[in-house]
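One structure is given here, and the rest of the page talks about it.
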Amino acid sequence: MHPANLQIEGLLALVSELTSQLVKAGVLTPEAVQEMLSRAETAITDDKQRRDQLGDSHRDAMLFPVRYLGRALAAADGQAQCVSAVTAAVGRSKDRQAPPPAQAP
């Protein structure tokens with residue numbers, strides 16, 4: 001496995017724990033976190049230039065961190081989540097639909 005992937009996994013684990021603590025402290029609501037994740041996913045999927053440049057696997061790679069955080073935070077229940085378990089769950093549940101076709105200019 002490439003070291004950059006391991007670094008990203010560590011960063012995702014940290015960000016999910018940080019976000020969980022912000023929710024526990026009342027700084028963020030679970031709904032606000034879900035809205036942020038939804039907006040991030042929409043920004044990625046609606047980016048026409050990226051859709052035209054990248055294949056489905058690259059789009060899935062861009063969406064992975066957003067989906068990872070959503071899955072980790074939904075399942076956290078106050079406990080730190082095993083990175084490999086969350087990663088596997090995201091892989092099993094990812095949307096396999098092709099992005100919408102690019103519209104002619």
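Any read-out appearing in this document is the output of simple, stated calculations on the displayed coordinates, not a laboratory observation. Fair warning: this is a prediction, and the values are worked out from it, not measured in the lab. Using ideal geometry, Cβ is built from the backbone for each residue, glycine included, and neighbour counts are taken over all protein chains shown.
Worth pointing out:
- Tensor-based shape of the stretch 3-92 (alpha-carbon gyration tensor, a/c under 1.5 rounded, otherwise prolate or oblate): oblate
- With each label modelled as a point 7 angstrom along the Cα→C-beta vector, the Glu41-Val15 pair spans 1.5 nm.
- Potential extension, Leu6-Ala32 segment - 0.36 nm per residue separation minus Cα distance: 6.6 nm
- Relative to the current alpha-carbon distance between Lys24 and Cys82, full extension at 0.36 nm per residue lengthens the span by 18.9 nm.
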